[in-house]
Structure formats: C-alpha cells, structure tokens
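Take a look at the structure set out below.
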Amino acid sequence: MTLLEVKNLTVYFKTFIGISKVVEDVNFTLEKGESLALVGESGSGKTTVLKTILGVLPPNAIVKGELLFKNTNLLSMGNDELSKIRGMEITYIPQEPLSALNPFYTIEEHFLDRLILSGKPKAGILSYIKLRRKVPSELKKTMLEYLEKVKIPDPERVLKSYPMQLSGGMLQRILIALAIVSNPSILLADEPTTALDVVTQKEILELLKELQKDLGLSIIYVTHDLGVARAIADKVIVMYAGHMVEEGITSEVLAKPLHPYTKGLVDSIPKLVGGGLHGIEGGLIDYYNPPSGCRFHPRCPKAMSICRETRPKPFIVNGRKVYCWLYGE
Ligand SMILES: Nc1ncnc2c1ncn2[C@@H]1O[C@H](COP(=O)(O)OP(=O)(O)OP(=O)(O)O)[C@@H](O)[C@H]1O
Ligand SMILES: [Mg+2]
C-alpha cells in the first residue's frame with residue numbers, strides 16, 4: 001500500500017537577494033513498511049524535502065507540487081486536519097538530541113506532553129497540571145513500555161532524569177520512543193546518528209530497523225553517508241543540488257551506480273584496502289542562478305551538449321530511475 005506520494009515537489013525560497021531555486025521536481029512514493037534513504041552532500045536539499053513533508057518550512061518558502069498522504073494532499077489541507085497528521089501520523093527524529101529536549105523537563109514530563117498531545121489521555125489545562133503533579137500509574141506503564149521498546153536499561157530511573165544526565169545514545173533512543181508513542185505510520189529521520197560514535201550509531205540503526213519491522217513503520221532517512229543508507233534502507237534516492245539523480249534498490253545502486261554523480265559518491269566511500277580517497281571535482285551550485293539543463297553538468301566528466309541545454313528525464317535502466325542523458329534514446 002502506498003502511504004505517501006510525492007509529486008513534482010518544488011521548493012524555492014524567497015530572500016532579499018532573489019529566489020533560491022533549491023528543490024525541483026522531486027518524485028517518489030513510500031510504501032507501508034518501507035524504508036527509504038535520501039542521500040546527498042551537504043546543501044543538496046535533503047532537510048528541505050523532510051521539512052516540507054513535516055510542514056515546518058519557514059514562511060519564505062514557495063512550495064509547488066503534491067504531497068499525497070493516504071491519497072489526500074497535505075499541501076491543500078486545513079490546519080485542523082493537518083494537526084492530526086503531522087506530529088501524529090507523521091513524526092520526526094531530529095539530528096541533535098540534546099537541543100531537541102527541554103533541559104528543565106524530566107524524561108517523564110516529555111512523555112506526558114507527547115501523550116497528552118496525541119490524545120491519550122485527553123486533558124484540559126487543569127487536569128494537565130494535576131497530571132504533572134502525579135502521573136497516574138497506567139500512564140507510567142505506557143511510558144515504561146515505550147522505553148522498553150527502544151531498549152533503555154533501567155527505565156524507572158531514566159524517567160526521573162533530566163536530558164543532561166543521559167548519554168547521546170540514550171537521548172536518541174528516547175527521541176525515538178517519543179516519536180513512536182503516537183503510533184505513527186511514517187517516521188522521518190534527519191541524520192539522527194551523526195552526533196554519535198560508530199558503535200552507538202550501529203545500535204540505533206539496528207533499533208530503527210527492528211521497529212520498522214515490528215510496528216510496520218515506513219521510514220524516510222536522510223543521510224550524506226551511503227554506508228548508513230545501506231544499513232537502513234530498502235530504497236535509496238540520490239540527490240544532487242536539489243534534483244533527484246538516481247533512485248533504486250539500495251544494494252543495487254551501491255553495487256553498480258549508473259549516474260556519474262552516484263558513481264563519484266560511491267567511489268568516495270573510503271575503502272579498507274588501498275586506493276586512497278576519490279572526491280568529486282568542484283563545489284555545490286548557486287541556487288539563485290542554477291546551471292541550465294542537468295544541474296550536475298558543470299562537474300560531470302561525461303557531460304555532452306544536451307546536458308547543458310535540457311534537463312534529463314528519468315530513464316528506466318535495469319528497473320532503476322536514472323536522470324541522465326547517457327541513458328537516453
Ligand atoms: N529558509 C531558507 N531561506 C533560504 N535558503 C534556504 C532556506 N532553508 C534552506 N535554504 C537553502 O537550501 C539549500 C538546501 O538546504 P538543506 O538544509 O535542505 O540541505 P541538506 O541537504 O539538508 O544539507 P545538510 O547535509 O548540510 O544538512 C541550502 O543552500 C540552504 O541554504
Ligand atoms: Mg540537512
């Protein structure tokens with residue numbers, strides 16, 4: 001079942017020096033229980049895509065296209081309807097765990113707020129104050145249950161702790177627990193493991209994979225790291241400068257990248273044996289004045305004249321979508 005369909009999503013930002021044409025014509029679908037990685041270097045528009053889905057873009061954003069969640073367009077929904085979906089059915093784990101939590105609230109208080117927000121229990125302001133004074137045992141049971149789902153040791157103690165008293169890995173687990181407490185169908189994750197050491201990173205990725213299976217979650221995972229994409233995602237979308245360049249099954253894309261940009265990206269993964277590092281020549285583009293045709297053409301070793309003139313359509317090669325004229329008729 002298709003949960004989310006992103007159609008011709010275009011996001012521009014209006015600023016005092018002009019219009020920054022960041023994301024253009026992003027198209028993909030997300031199935032129930034599927035995990036998708038959005039991969040691209042810094043500034044390629046990954047967070048912008050996630051923020052659009054979550055509905056937290058700043059007011060200078062101009063958005064076009066459609067975001068169909070269970071066949072209804074999120075971009076044309078009223079605020080009341082949206083508040084039932086965003087933060088509830090579609091939730092989010094941020095990059096920086098410590099800054100995402102309130103330092104003056106215990107973990108229990110964070111949970112209580114999330115539970116009340118998701119309507120279990122329904123509480124007005126007075127009952128909220130009461131609940132904060134003494135958390136009823138059934139609510140506490142729910143909190144402990146979710147802390148166990150994310151494998152927090154000694155959950156009773158953790159509930160009474162403040163964010164500063166816990167490690168980065170623990171906090172990331174807590175953020176995951178807070179994100180799944182509303183029983184979402186889609187979880188958006190924006191590089192949630194970059195601030196962690198490799199061992200903890202691996203544990204968090206394994207946890208997300210498990211939750212994906214056990215809860216039937218669909219995950220969109222943003223990362224600049226193809227290795228992370230391989231560990232977490234069935235499907236990968238590679239973005240370059242706000243455009244999609246390649247989309248396919250993660251293992252297949254990594255084994256045999258087709259787009260010259262993806263090739264460069266795969267070659268720049270440090271290998272264990274020899275070879276040294278291969279980067280991609282050149283820097284990111286100017287979004288106020290993006291290159292014509294394929295945005296990668298100024299850096300592409302295989303650029304042809306058509307690449308400068310016309311934006312490539314997605315060509316289907318071995319069941320994969322490649323936005324590159326090398327694969328055109
Ligand atoms: N509110 C805004 N106004 C103007 N430009 C913006 C705004 N928000 C983002 N941008 C620009 O959009 C581009 C893409 O940013 P985005 O944060 O989506 O990239 P990213 O792929 O997530 O990068 P990173 O890996 O560094 O997090 C950047 O050039 C950024 O400066
Ligand atoms: Mg980002």
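Note down the nm distance, to one decimal, between modelled labels 7 Å out along Cα→Cβ at Ser127 and at Thr29.
So the two model labels end up 4.1 nm from each other.
Just how many % of Cα pairs in segment 60-147 lie over 22 Å apart, if you round to the nearest whole percent?
44
Only bridges with both residues in the chain count here: give the DSSP antiparallel percent, nearest 5.
In the chain, DSSP labels about 60 percent of beta bridges as antiparallel.
List the trypsin sites (Lys or Arg not before Pro) within segment 99-160 that fall in a DSSP loop (any state other than H, G, I, E or B) and whose Cβ has at most 10 other Cβ atoms within 10 Å.
Qualifying residues, ordered by number: Lys122, Lys134.
How much space per residue, in cubic angstrom, does the convex hull of the C-alpha atoms of the chain take up?
Taking the convex hull of the Cα positions in the chain, it is 158 Å³ per residue.
Specify the longest stretch of the chain that does not include any exposed loop site, a site being one of the chymotrypsin sites (Phe, Trp or Tyr not before Pro) with a non-H, G, I, E, B DSSP assignment and at most 15 other Cβ atoms within 10 Å.
Maximal segment without exposed cleavage sites: 106-287.
Hey, fewest Cβ within 10 Å first, where do Ser218, Ser182, Ser251, Ser76 land in order?
With the sparsest Cβ surroundings first, the list reads Ser76, Ser251, Ser182, Ser218.
Most exposed first by the Cβ proxy, i.e. fewest other Cβ within 10 Å, how do Ser137, Ser268, Ser305 rank?
In order of increasing Cβ crowding within 10 Å: Ser137, Ser305, Ser268.
What is the helix-to-structure angle for 168-180, meaning the angle in degrees between its Cα long axis and the longest Cα principal axis of the chain, kept from 0 to 90 and rounded to the nearest 10?
80
Taking the Cα atoms only, what angle lies between the long axis of helix 107-117 and the longest principal axis of the chain, rounded to 10 degrees?
80
Which of the GluC sites (Glu not before Pro) across segment 45-113 are loop residues per DSSP, with 11 or fewer other Cβ within 10 Å?
Of the GluC sites (Glu not before Pro), not one in the loops of segment 45-113 has a Cβ with at most 11 other Cβ atoms within 10 Å.
Got the relative contact order for segment 99-181 handy, in percent, Cα pairs under 8 Å and 6 or more residues apart?
Computed value for segment 99-181: 47 percent relative contact order.
In degrees from 0 to 90, rounded to the nearest 10, what is the angle of the helix 137-149 Cα long axis to the longest principal axis of the chain?
It is inclined by approximately 30 degrees.
Write down the Kirkwood hydrodynamic radius of segment 5-70, to one decimal in angstroms, obtained as one divided by the mean of 1/r over all alpha carbon pairs.
Here the Kirkwood hydrodynamic radius works out to 12.7 Å.
Compute the orientation-averaged projected area for segment 99-181 from the convex hull of its Cα atoms and round it to one decimal in nm².
The number I arrive at for segment 99-181 is 5.0 nm².
Which of Lys21, Lys202 has the fewest other C-beta atoms within 10 Å, and how do the rest follow up to the most?
Lys202, Lys21
Which whole-number percent is the relative contact order of the chain (Cα, under 8 Å, 6+ apart)?
Relative contact order here is 22 percent.
Counting each DSSP H run of 4 or more residues in the chain as -39500 (n - 2.57), what helix-only mean residue ellipticity at 222 nm follows after dividing by all residues, to the nearest 500 deg cm²/dmol?
-10000 deg cm²/dmol
Please compute the length gained on full extension between Leu57 and Ser83, using 0.36 nm multiplied by the number of residues separating them and subtracting their Cα-Cα distance.
7.9 nm
A short reminder: the numbers here are calculations on the coordinates, not readings from a lab. Bear in mind the structure is a predicted one, so any value in this text is a computation, not a measurement. A quick note on method: Cβ atoms are made from the backbone with ideal geometry, for glycine too, and the neighbour counts reach across all protein chains shown.
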